Structure formats: C-alpha cells, structure tokens
Amino acid sequence: MSEINVEIESIVKNLSGDICFLQPVYEAIANSLEANATNIEVEFFVDKQITFDNKNNKIISYCVIDDGDGFTQDNIDSFNKLWSEHKISMGCKGSGRFTWLKVFNNISIISKIAKTASEVTIPFNKKYNKDTNIIKTNNNIKNNQTKVCFNNCIYPINKGNKIIDKREIADLENIYNQIFDSLLIKLFLLNQQSKIFNISIKLGDRIKTINNKDIPNLYHREFEIDTKVPSDRYGEKIKFDVFYYFFPNKKKSKKAYYCAHGRTVKRIDDDSLGFSASLPNGDSMIVLLCSQYFDDNVNDQRDGFNGLENSDMKSRNMSYPILLGDIKAELKKEINLIIKERYPNILDINKTIIRSAVNEAPYLSKYIYENKDILVSKDSLIKDAKNEFAKSKEKAKKNFEDILHNADVNMDALNSSIKEVSEIASAELGEYILYREKIIDALAYALNAKEKKEKYIHWVFMPKNTTSTEFDKDKKMLSNLWLLDDKYMSYSFVASDKRINEIYNLIEKENKKRNIHMGDKKPDITILFNKETNKDAVVIEFKKAFATLGEKETAPTEINRNIGIIKRTLSDVNSIYGYIITTIDDEFNQSLKDNGYIELFNTSLDGKILYNYNKTNNAHIFAIDLNTIVADARSRNKIFLDILKNN
C-alpha cells in the first residue's frame, strides 16, 4: 500500500463532484463512533461579519472532539497510507480525509492518548507530509481526547462573475436535523449492539444532543430484486433492508435515503416515490434503504454510487446487474405497503381526493385515475395529470404523423392512432369547457358582490378597449361572448369600449376615413358578423348588478341611440340585435314594460328576459337578467362537463 507522500492535491482534484459542506463533520463523527467514542462534541463557529438582515450568518469552521481510541500507531499508519483498508469492515473507505480537503484547506488534529501517555499533532492539508506530524510524551493525560478542527473553508469561491458559497447558514435546528438524518441508521445499529453514545452539537451558547434515547426503534422489512443480467458475484437475487419510522410531530416531513455502511448516501426524490402530498395528520416519515449492494458500490465521496445511477437500463452488466431505477421502483411498492399498514384508510382518503380532482379538471380524468401515488393531493393529481396529458399529446401527434408518412399504411395502426388522437382532442375540448365554467363562476360572482361594478361585468365578457378581426384569430380568445350565445364566437369583428368613429375607420377600409356625427359615443361592445353571410350586427350595453333604477333606466336610451348611429353609419348592415345586460328586479321590469318591452319565457328561476322591436332601425332589443345568462351558460356547459366526468 502506497504512503501518502504522493501529491494530495492531485488526489483531491480527482475526487469527482462537489462535497456537501457538512460531509466532513458526518465523516468525523462516524470516525469517532468507530473509534469507540462514547462522548462526542461538535462545535460550529460563525462568520463574525454581520449581514444586513442579521439572519444569514454562515458557518466558517467546526471542531469535533471525542473520547475514543485516538490516533494510536495503527491509526497513524493507516492515516499515512493511500486508500487504507484499516477498519474496512466498518465501512471505512480510506479516502474520507481527502474529501475533507474539498471543503477546507486546513485540518488540525490533536489526539491525546492516556494509555501510551502520548500526544499526536497532525497538520493535514494539501501539502501534508507524514514528517510534519509531531508525537510527544505527555504524562499528564488522564483521559483520551481527539480534537479535529476544520479551518479555512474554501468557500465562497469566485468563478468569473459568479460567487459560489456552499457554507451552511448558522441554524442549529437545521444542522442538527441534517446530522441526525445522516447518522440515524448507524446510531440505530449501535443501539442494537447496546453501544453508548452522546453527541453534543454546539452553536454559540445553544446546545442540542443526540443520545441513545433519541434514536427511535426503527421498523424493518426486507425485499429482494431479481438481477436483470447474470452475475456470478450477486447470483439471481439481491437483498435490501428497509428501515423506517413515523413521527407524529405535525411537521409533514417525508425523507427517504439510500444508505451504505450505516450512513445516508443519497436522498431519494419525493415524486418518484409517490410522496407528492403529506401523510395523514401531518405526520413525518423517514425511510432508510440498506444493502450490501450499496456498500459495495458507494463512491469515495459517499454521495452516490459507482455504476448504478445511469438512467439507461441497457447499462446493466455483470458488475452492476440492477440500477437505481430498478431499485426505486421496487422501493415504491414497499413504501406503499408500509403506508397502507400505518394508515388503513388511506385508499378511502385518496378516493375522495381523486373525486375532487376529477370535478375540478374532468378533462384530465383519464390521467388522474391512472395515478398510482400513495400520497396525493388534489393539486398534485392535477399537476401530474397535466404533465402526462402533455406527454400523451406529443406522443399521439408523432405516432399519427409517422403513420401518415408511411407508404404502406397499416389500417389497424391507423385506427388505433385515430382513436388516440381523438382522446387527446376530447381532453383539449374538456380543458376549454372547464375554462368556460370558471368564466361563468366569475360572472355569477357579480350577482353576490355589491362592490363589483359595471366594469367588472364588462371585463368578464371582453377586456375593455380591445378589438378582434377575422385576420387576427388569436384575439377571439380574449372574448367570452359565448356567455350570451355560442353563435357570437363567429363574428368577423368585435370592438369593446371603442368609439363609433374608430369602429367605422377599422371596418370601412375601402372608404375614406371620416368623422361621424356623434361618432364619439362608445357602445360597451359592438359585434359585426361576416358580411358575406347575414350582415347582422350586435350592440351590448352593461349595467352593474346592483345599479339603481335610475342608472338602469338609461340603458334603453343609450342602446337605441348607439344602434341608430351604427345603422346609419356602417354600410350593408341588415338586422341589429341589442342586449341590455344587468339584473332585472320588479321595478326595472315594470319600467321596461311601460316602454314597450314584452316579457319572454325562459327556464331560469331567478332571471327575466324582455324584448322590444325597434322598427326604424330593424333592431331586436333584449333586456337580459344576469341570472338568466349565468343559468343558461351553465346549462349548456353542464352537458359537456357531465360527459367528461363520466369518461
């Protein structure tokens, strides 16, 4: 085995990837435990420079002190060797001290050993040479003590215009939780062996401890995964151990880790395990997955696994017969079983949540029902369903195009692809129908909110001061004129809150622009149909839901005036349809009747429709209660919603 007098800087440089800022402290505590330490003290030191908000002070260094075996001669010899196999049975890889130098420039080690009355000082850095070690006799040593201090942090680093600073914020609770999670499986196993330990974590004048009583009695279950390729080393199956625990602490934390040699190595993302929502009652959960397979393949930095993380399943071979993707899929099944055992009614809870998600997004029902996550929320179901819908849409489109471009079209494949495209189109239609339902809800809100003025109702139908033409199709989506009738989506031009002069100059492009008498008047909304067909026009006037009788009574005069101007001004207009939109109470109903309006039958229980014919301008004028519009639009939309929900 080579001694460590080769260039350490080269060793550190060849350690790929970044090292977590707290990785050296995890390694140091693990070393202390493996050196039979009973008491371990970890002290963190803070940057004295106060930040402007006095909240983001960073840790700049830390020390780990223990009462373990210390740097005996065997341990010193091991330290001075590359990739030492000393304590390899404990999971020591012989490279931990080099990873320290990925975070700190200098590590000071002072170890006092009572049995040999010796004091060892090791100044470890990238220029380290064993000849710089100092070993001296000290007969006053009564108890073992080893102190490892990590100084001169390499962060923050200036890289071009970017400053990289991976130091931890001085938050004792957060640091404690990270240390606890990292060492939990190791401490649990030590508990099983009746080993005593007390770890003090100190920051300023605050201290938190981890001792035997703090370590929960983890539950355990095991499973096996078939090797995907023949492997002499691992045989036909590889065994995995799942350790887990539930914390009824209302913190809603869910953590899962791959572990090796009694230490957490890599956190598993929540989404891939079906952790898209909280556990019932706000409980927390930790899952630790262990295996000899992980022990064999953990990398030197202890933050990943050699050969297992390739997402291409073709990367399996005799040395790596299963990959993390295979393992994750099996672990998800085990976690589902674990959660079902802990919460027997979880599936009933999920059914209620699924129904709620389908009610909100019925066009995504197919994808919502296909979700097999064990922990779901309405929002997570809809979000995941939208992602799956987008993928399916892209896939269906590509499949259809590939079939059409194929010289020899397979009819079965074509029929299957057409069905697939039809399902996507149906879902897209459903998305639009759901959008319409939200618009109807917005209009209905005006009937109960006195603060909503005429402007609010106007904007629900179409934003003010906007126009749309047959040459600008996208702008049609700005309007919700289907609230009145779906046929009003086929207009060739619509203007919202525009002066009649401006409407004339936009429409009558073939004629010379001119000013029109009273052309400064602004109908709330003006619609013109295709001149090649019916040549009709629509004029709309709004009044707020809670307008006074006097305000509402101005509407018939205004709409007749605007209809007259449009009729005299715009060429080739045939019939004109006018709409007064507001709420029609008994007083306004009588006022309209007194002015020649006739009440028409409608199916709405709360609203009214009245009609008046303006013979002079060939105009059909309707006064429609907002309640009637809401009820009618909702009835038309309900047919589609019911179909979507039952798919």
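Read-outs throughout are calculated quantities, based only on the coordinates presented, and are distinct from any laboratory measurement. From a predicted model like this one, the values you see are computed outputs, not experimental measurements. With ideal geometry, Cβ positions are generated from the backbone for all residues, glycine too; neighbour counts draw on all protein chains shown.
List, largest first, the extents of the alpha carbons of region 8-212 along their principal axes, each in whole Å.
For region 8-212, the Cα spread along each principal axis is 51, 39, 34 Å.
Counting Lys and Arg as +1 and Asp and Glu as -1, what is the net charge of the other residues whose Cβ lies under 12 Å from the Cβ of N144? Display every interim value, and only then the final one.
On the way: positive: K112, K115, K142, K147; negative: D66, D67, D69, E119.
Surrounding charge for N144 is 0.
Going down the list K266/K333; K102/K126; K455/K615; K266/K340; K48/K127, which pairs span over 21 Å between their C-alpha atoms?
Violating the 21 Å Cα-Cα cut-off are K455/K615; K266/K340; K48/K127.
Between region 157-228 and region 277-352, what's the alpha-carbon centroid distance in Å?
Answer, in whole Å: 19.
Among the listed pairs K372/K438; K81/K239; K378/K544; K136/K186; K112/K202; K378/K450, which are separated by more than 25 Å between their Cα atoms? If you can, show how the numbers build up before the last one.
Details: K372/K438 28 Å; K81/K239 33 Å; K378/K544 35 Å; K136/K186 34 Å; K112/K202 22 Å; K378/K450 32 Å.
Long pairs (Cα-Cα over 25 Å): K372/K438; K81/K239; K378/K544; K136/K186; K378/K450.
List the GluC sites (Glu not before Pro) within region 170-264 that DSSP assigns to loop and that have no more than 13 neighbouring Cβ atoms inside 10 Å. The partial results should precede the final answer.
Numbers: sites: E173, E222, E224, E236; in loops: E236.
Passing both the DSSP loop test and the Cβ count: E236.
In region 450-638, how does Rg compare with the Kirkwood Rh, expressed as the Rg/Rh ratio over alpha carbon atoms? Could you put the intermediate results ahead of the total?
On the way: Rg = 16.1 Å, Rh = 16.9 Å.
Radius of gyration relative to Kirkwood radius: 0.95.
Note down the net charge around L187, summing +1 for each Lys or Arg and -1 for each Asp or Glu among other residues with Cβ under 10 Å from its Cβ. Mind dumping the intermediate values first?
Values: positive: K186, K195; negative: D214.
After counting each charged neighbour, the total is +1.
Mind sorting S604, S291 by how few other Cβ atoms lie within 10 Å of their own Cβ, fewest first?
Fewest-to-most ranking of S604, S291: S604, S291.
Please pull out the direction-averaged projected area of region 216-343, using the convex hull of its alpha-carbon atoms, in nm² to one decimal place. Before the final figure, lay out the partial values.
Details: hull surface 31.5 nm².
Averaging across all directions leaves 7.9 nm² for the Cα convex hull.
So which chymotrypsin sites (Phe, Trp or Tyr not before Pro) in region 580-647 are both in a DSSP loop and have at most 15 other Cβ atoms within 10 Å of their Cβ? Let's see the in-between values first.
Values: sites: F588, Y597, F601, Y611, Y613, F622, F640; in loops: Y597, F601.
Here the sparse-neighbourhood loop sites are F601.
Compare the Cα positions of P248, S319, A260 along the charge dipole of region 216-343 (+1 at Cβ of Lys, Arg; -1 at Cβ of Asp, Glu; about the Cα centre) and return the one farthest towards the positive end.
P248
Please work out the FRET efficiency for the pair R499 and K351, using the Cβ-Cβ distance as r and a Förster radius of 60 Å; give the result to the nearest 0.05. Before the final figure, lay out each step's value.
Numbers: r = 56 Å, r/R0 = 0.94.
About 0.60, to the nearest 0.05.
Only loop residues by DSSP count here, and only those with at most 15 other Cβ atoms within 10 Å; note down the trypsin sites (Lys or Arg not before Pro) in region 105-200 that meet that. The partial results should precede the final answer.
Working: sites: K112, K115, K126, K127, K130, K136, K142, K147, K159, K162, K166, R167, K186, K195; in loops: K115, K126, K127, K142, K166, R167, K195.
Answer by residue number: K115, K126, K127, K142, K195.
What's the exposure ranking of V42, V573, V265, going from fewest to most Cβ atoms within 10 Å? List each step's numbers first, then the result.
Details: V42 25, V573 19, V265 22.
Neighbour counts put them in this order, fewest first: V573, V265, V42.
Just add up the charged neighbours of A446: K/R +1, D/E -1, any other residue whose Cβ is under 13 Å from the Cβ of A446. Intermediate results must be reported in sequence, preceding the final value.
Values: positive: K450, K452, K453, K455, K543, K544; negative: D441, E451, E454, D625.
Here the charged neighbours net out to +2.
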